[in-house]
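First the structure, then my questions, so here it is.
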Amino acid sequence: AERYNPHAIEPKWQEAWEQDGLYTFREDPAKTKHYALTMFPYPSGNLHIGHWYANVAPDARARWMRMRGYNVFFPMGFDAFGLPAENAAIKHGLNPATWTYSNIEHMTGQFRRMGTMIDWSRRFATCDPEYYRWNQWFFTEFFRRGLAYKKGGLVNWCPKDQTVLANEQVVDGACERCGTPVERRNLSQWYLKITDYADELLDFSGTDMPERVRLMQTNWIGKSVGAEVTFPTPAGPETVFTTRPDTLLGATFLVLAPEHAKVEALTTPEQAEAVRAYVEAAGRKTDVERQQDVGEKTGVFTGSYATHPVSGQPLPIWVADYVLVTYGTGSIMAVPAHDERDFQFARKFGLPIKEVIRPEGGEAMDPSGAETSYAGEGLIVNSGEFDGLPGGKASIAHVVERLEARGVAQAKTTYRLRDWLVSRQRYWGTPIPIVYCAEHGAQPVPAEQLPVRLPENVEFTPTGQSPLKLDREWTHATCPVCGGPAERDTDTMDTFVDSSWYMYRYLSPHDGARPFDPAHANLLPVDLYTGGIEHAILHLLYSRFWTKAMRDLGLTTQREPFRWLRNQGIILGPDGEKMSKSRGNVVDPDDLVREYGVDTVRAYLMFIAPWEVGGPWDPSGINGPAKWLGRVWALYFDAQVPGPQEKVTEAELRYAVHSALHKVTGDFERLSFNTIIAALMELTNTLVKAKRSPAFGTPAWQEALDIFNRMLAPVVPHIAEEIWTQRGGQESVHVQSWPQVDEAAATRDTVTVGVQVSGKVRGQVEISKTASQAEAMAAARAHPDVARFVEGKETVKEIYVPGRIINIVVK
Ligand code: ANZ
């Protein structure tokens, strides 16, 4: 027979599947729906090995779900707005649209060659005006409800990309995209009110996400329960936020952020020069530098004092950059005995340290000798009427109650989460659908005038100004209220807006009347969403917010976009480093496909590592899957070698097939793709043996070939289809059902047990699972290699650990 040649079968089947519309989704009330979605790519030009790794395994699982009888919805599109298109277009002198759409065509072709069951009839790109029109529609709806608003203030500015960034796009003080340290600018920008949903976003009960993602989102939202306490000062009352109101009597000074509004008013003439110099120096530091715990604390005294609201003591007011203007109220009460930053600060500047929480049974703190603060639980001391009450982070409620009764404090919950800054000063994005009228202010563009299209002939080289400003014709608009002249907003939206709701658009990608057609809402939510973890607090948080906002607009009844989320790991270069062109360690999947064929690359990418972990690319590793498929081919198509030579019984063959089927079924369920390939390889070995055994040609043999063929279908769809057809299959193997495990055949009533003689392994015996000690010993002694070591010796002890080990100790 002919040898396995993937290049002879793969293009043929891809064409046939497409022609038959094999993967076109049709609604079917008789079946349970399954919406499987992999994060859509940015049309950068090429699918790299990471895309393959991210898409192949979810495709296998989607195919498996289909064989299990689900009506599987598996669409794909392109996340097409954003800076790379603009930068590439500037470099090549093209329009970003030209560059983007040609990449989309190329990458769709690459996806098709991957042999996925993606339904391409649902494809769209977020830069399609018929898509971004709905971004604009959402924006105007949000605006009407106060969920979108414009506000001035300090924002993050990337000097390289020449645009503002959302807080979520600043990682360690640098631009998430290009790594340039971010600057602060005072600008008026558009925000979406994600903070309205802070508490709801902390509730993960409706979505199964990896612990890591939940933790990152929880920390990002940063809910802190505490109190606000007000201190009289010469510049009026100053309120601070504290999570430890139980330490109020331990407050020995106040600290203001350098940008705090009261700094000037509180600074005495003697301190004016020092404070001015300090504030200026702090302004030159980045936020990260300021928050780093390493390095000496810095600060300066204002010369003024606040009054302690309980003790009436004067407390010096300092300015220090470890207090951030953007959190709480931008000022703190410092409790050096129980907060480490305050402790270091007090030590450095010789400020008093006063113990107010003492661990039960512990000794009093020595303020001059102590080396660190004490942040733990205990009893309140040195605090007058509060003495003896439990203190510590977990027991503030009763203290807050008392302080509230005295009118000194108020319970307060604070969040680290800030509203989502969505305006950008770049060209290639969704124009913000707002016009400004001299009389009527900011007005949303009426729905029937949407989309506000991006002007096409614009000089979009970044200048720090929105390129749309330069098109005077475009900026000119009419006020929807009075019909008078108005100016368009010239910013574009953050591209994370596009990806916040795209999973809904697949339901009706060309709907001209609404973002998506609720007639297909039964497809929601996404049942399994897969993709990288890098967007844990960007895309994955924003899309949860968007779903909740859509629900409040009455567009959906969903409260979460994804029922189940899993993240794949990363495939690294052979050097263990992240693949990148500059390192020269990039693997091109197109080259691999040309050499080995699609199915081998698919199998290898599932086999290479536990899918959720990832690992380094091993260039020689692909030979394993390549050889495996060659053996699979020979198994079905080569003539049998005459004469039985192996001892495989029908029962053993059935056991091998059904236990493998049982394992693979469970592994698909829990996304354990590498062990699926391993089990299929192992089963191949048994089948190759069985082909040269009495089991060949029996009903068990026929069953084995049929079941194995179906098991191959999700992972290596082309070779499986070829085998299926050549064996006489009429309809595609991909519309067959997943085989049923025969549980009786899948369990063996015998076990293989190792036999030791005086602790040394001498052989293995197969015995009944229910064998008695005597039966086990008899079987062991009958083994020739065991017999040699026990004969003529005195038996000291016989041990049988049922199902595991036999040990005969001799003298
Ligand atoms: C007094 C105190 C005593 C505090 C103590 C802590 C321990 P989380 O949990 O992160 O919300 N804080 C408040 N606003 C701040 C700001 N703008 N910049 C820097 N630090 C600020 O932190 C809340 C605690 O961080 C607050 O509770 C406050 O210090 C400080 F034994 O108040 B605490």
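So for region 125-268, Kirkwood radius off the Cα pairs, Stokes-Einstein at 25 °C and 0.890 mPa s: how many µm² s⁻¹?
So the translational diffusion coefficient is about 126 µm²/s.
Let me ask something else about it. For region 587-746, with only Lys/Arg (+1) and Asp/Glu (-1) charged at the beta-carbon, what is the dipole magnitude about the Cα centre, in debye rounded to 20?
Here the size comes out at about 460 debye.
Give me the number: length gained by fully extending Ala277 to Gln465, i.e. 0.36 nm times residue separation minus the C-alpha to C-alpha distance, one decimal in nm.
Length gained, Ala277 through Gln465: 64.5 nm.
While we're on this one: What is the chain's relative contact order, in percent, from Cα pairs under 8 angstrom and six or more apart in sequence?
Answer for the chain is 14 percent.
Which one of Ser383, Ala337, Tyr322 has its Cα pushed farthest toward the positive end of the charge dipole of region 223-415, where Lys and Arg give +1 and Asp and Glu give -1 at the Cβ?
Looking along the dipole axis, the top candidate is Tyr322.
When a/c reaches 1.5 or more, the comparison of a/b and b/c decides; with that in mind, is region 223-415 rounded, prolate or oblate per its Cα gyration tensor?
prolate
Still on this structure, I have one more. In whole Hz, with x marking every Gly and Pro, tabulate ³J(HN,Hα) for region 548-554 from phi via Karplus 6.51 cos²θ - 1.76 cosθ + 1.60, θ = phi - 60°.
5, 5, 5, 4, 6, 7, x
Quick one: pull the percentage of alpha-carbon pairs in region 750-810 with a separation above 15 Å.
So the pairs more than 15 Å apart make up 37 percent of the total in region 750-810.
Related question: Cα-based Rg (one decimal) and Dmax (whole number) for region 309-438, in Å?
Over region 309-438's Cα set, Rg and Dmax evaluate to 21.2, 70 Å.
Related question: Need the full-extension length gain, Asp749 to Lys393, defined as separation in residues times 0.36 nm minus the C-alpha distance. One decimal, nm.
That works out to 122.4 nm of additional length.
Right, here's the next one. If the reach is capped at under 17 angstrom between alpha carbons, list the lysines near Lys150, excluding any in the same chain fewer than eight residues apart.
Cα-Cα hits under 17 Å: Lys193.
Next up: Can you give me the distance in nm between label points at Arg559 and Ser758, each placed 7 Å from the Cα along the Cα-to-Cβ direction?
7.0
Same structure again: Assign unit charges at the C-beta atoms only (+1 for Lys and Arg, -1 for Asp and Glu), then state the dipole size of the chain relative to its Cα centre in Debye, rounded to the nearest 20.
My answer is approximately 1180 debye.
Can you give the relative contact order of region 750-810 as a percent, counting alpha carbon pairs under 8 Å and 6+ residues apart?
That works out to 42 percent.
Moving on. Rounded to whole Å and ordered largest first, report the semi-axes of the equivalent ellipsoid of region 496-643 derived from its Cα gyration tensor (root of 5λ).
41, 22, 14
Quick check: residue separation of Ala375 and Phe637 times 0.36 nm, minus the Cα distance between them. What number comes out in nm?
Stretched out fully, the Ala375 to Phe637 stretch lengthens by 87.1 nm.
What percent does the relative contact order of region 421-516 come to when contacts are Cα pairs within less than 8 Å and at least six residues apart?
Relative contact order comes out at 36 percent.
Moving on. Based only on the alpha carbon positions, what is the Kirkwood hydrodynamic radius of the chain, in angstrom?
Answer for the chain: a Kirkwood hydrodynamic radius of 31.9 Å.
Leu202's amide H: which non-local residues (gap 5+, or another chain) put their own amide H closer than 5 Å, with H modeled 1.01 Å from N in plane and none for Pro or chain starts?
Those lying under 5 Å, H to H, from Leu202: there are none.
Further question: Please work out the Cα center distance from region 334-386 to region 122-166, rounded to the nearest Å.
48
Order of 350-357, 438-445 by packing, highest average Cβ count within 10 Å first?
Highest to lowest by the protection proxy: 350-357, 438-445.
Take the alpha-carbon positions of region 702-811, form their convex hull, and give its projected area averaged over all directions (one quarter of the hull surface) in nm².
Taking the Cα atoms of region 702-811, their convex hull projects to 9.8 nm² on average.
Here's a follow-up. Around Leu661, with a cut-off of 14 angstrom between Cβ atoms, what is the net charge of the other residues, counting Lys and Arg +1 and Asp and Glu -1?
Taking every Cβ under 14 Å from that of Leu661, the sum is -3.
Also, I was wondering about something else. Straight-line reach from Lys151: which aspartates and glutamates have a Cα under 12 Å away, not including same-chain ones fewer than 8 places off?
Asp419
Can you order the peptides 365-373, 237-245 by their average number of other Cβ atoms within 10 Å per residue, highest first?
Per-residue Cβ counts within 10 Å, averaged per peptide and sorted highest first, yield 237-245, 365-373.
What is the Å³ per residue value for the convex hull set by the Cα atoms of region 427-475?
94
Would you kindly work out the equivalent ellipsoid of region 362-512 from its C-alpha gyration tensor and give its semi-axes, the square roots of five times the eigenvalues, largest first in whole Å?
Whole-Å semi-axes of the equivalent ellipsoid: 57, 20, 18.
Which distance in nm do the two modelled labels at Arg788 and Asn46 give, with both placed 7 Å along the Cα-to-Cβ direction?
5.9
While we're looking at this one, here's another question. What distance in nm separates the simple spin-label points at Asp199 and Trp120, each placed 7 Å from Cα in the Cβ direction?
My value for the distance between the label points is 4.9 nm.
Compute log10 of I(q)/I(0) for region 587-746 with the Debye formula, placing one identical point scatterer on every Cα and leaving out solvent, at q = 0.08, 0.15, 0.20 Å⁻¹, to two decimals.
Normalising to I(0) and taking log10 leaves -0.24, -0.83, -1.37.
Here is a follow-up. Using the structure shown, select from Lys91/Lys469; Lys548/Lys663; Lys262/Lys297; Lys91/Lys578; Lys348/Lys393; Lys223/Lys578 the pairs with a Cα to Cα distance greater than 32 angstrom.
Lys548/Lys663; Lys223/Lys578
Let me ask another. Take the Cα of Leu187, step 7 Å along the line toward its Cβ, and report every residue of region 451-482 whose backbone nitrogen sits under 20 Å from that point.
Only 454-455, 458-472, 475 fall inside the zone, counting backbone N under 20 Å.
Values in this text are rule-based calculations from the coordinates and carry no lab data. For clarity, every value in this text was computed on a predicted model and none was experimentally measured. As a convention, Cβ positions derive from the backbone with ideal geometry for all residues, glycine included, and neighbour counts pool all protein chains shown.
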